Amino acid sequence: MRREGIVPGVVYSGGAEATAFQVSERDVRHVIAEGAALFDLSIDGAKARPVVVKEQQLHPVKGTLRHIDLQEVKLDEAIHAEVTLELEGVEDAPGVKASGVLEHVTREITIEALPTAIPDKILVDVSAMEINDTVQLSAVTPPPGVTFVVEDPEEITIATLSPPRVEEAAPEVEVETELVGEAEGDAGEAADGGGDSGGDSEGE
């Protein structure tokens, strides 16, 4: 099936029995690429039901979709979902302009919301970050109807901005080596000179 571009999947429906299905990888990737957290699924022409992606299995090398699990949801019941955290204003951050190193630490967060209120992504503004600044989840305001599922938002670091990395220049090391060699050469010449002087004295 996978060689033919078909992806096997399973849709779970709460306490009901799970249902297996198969779908074109191109079709399912198109739906996922649109970024919609909630979409409708119809199997064999049956009535469409709202679902969310529960889990995806990708090929470790090719990155192709190998299996997908979906979860049927009720539109009037809140659920947990993983949502991407995306940084905005990176190029405008004073610390980045000063050649600081911005690291995106936490890229996803678990939220609770009604299926219709689940955002495609949550934007985190880092345009004011200076060098040595950090942005915690506590500084991010969730969208309306969304709650972050964490014990302590202060412990969740989203981004850090470190000072520029300084590396030793290789030419400086070569210069130091050359100077040491010259010093040793000078010392050898001084020793040879002393030997000649002694020989002349004996001759006299």
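Values in this text are rule-based calculations from the coordinates and carry no lab data. Because the structure is predicted, anything quoted here is derived from the model rather than measured. We place every Cβ from the backbone using ideal geometry, glycine too, and count neighbours over all the protein chains shown.
Return, for the Cα atoms of the range 1-93, the radius of gyration and Dmax in Å, separated by a comma.
In Å, with Rg to one decimal and Dmax whole: 15.4, 51.
Please give the length that would be gained between Leu123 and Lys54 if that part of the chain were fully extended, namely 0.36 nm times their separation in residues minus their C-alpha to C-alpha distance (nm, one decimal).
Details: separation 69, 0.36 × 69 = 24.84 nm, distance 2.22 nm.
Gain on stretching Leu123 to Lys54: 22.6 nm.
Which of the three applies to the range 79-162, rounded, prolate or oblate, going by the alpha-carbon gyration tensor with a ≥ b ≥ c and a/c under 1.5 meaning rounded? Working shown, then result.
Numbers: a/c = 2.86, a/b = 2.08, b/c = 1.37.
Judged from the Cα gyration tensor, the range 79-162 comes out prolate (a/c at least 1.5, a/b above b/c).
What lysines sit close enough to Lys54 to cross-link, taking a C-alpha to C-alpha distance under 29 Å and skipping anything fewer than 8 places away on the same chain?
The qualifying lysines are Lys62, Lys74, Lys121.
Please arrange Thr110, Thr19 by how many other C-beta atoms lie within 10 Å of their C-beta, fewest to most.
Details: Thr110 12, Thr19 17.
Fewest-to-most ranking of Thr110, Thr19: Thr110, Thr19.
Along the Cα-to-C-beta direction of Thr64, a point sits 7 Å from the Cα; which residues of the range 1-17 have their amide N less than 16 Å from that point?
Counting only backbone N, you get 1-9.
Across the range 139-154, in residue order, what do the Karplus-derived ³J(HN,Hα) couplings come to in whole Hz, using 6.51 cos²θ - 1.76 cosθ + 1.60 with θ = phi - 60° and x for Gly and Pro?
8, 9, 8, x, x, x, x, 10, 10, 6, 9, 9, 6, 9, x, 5
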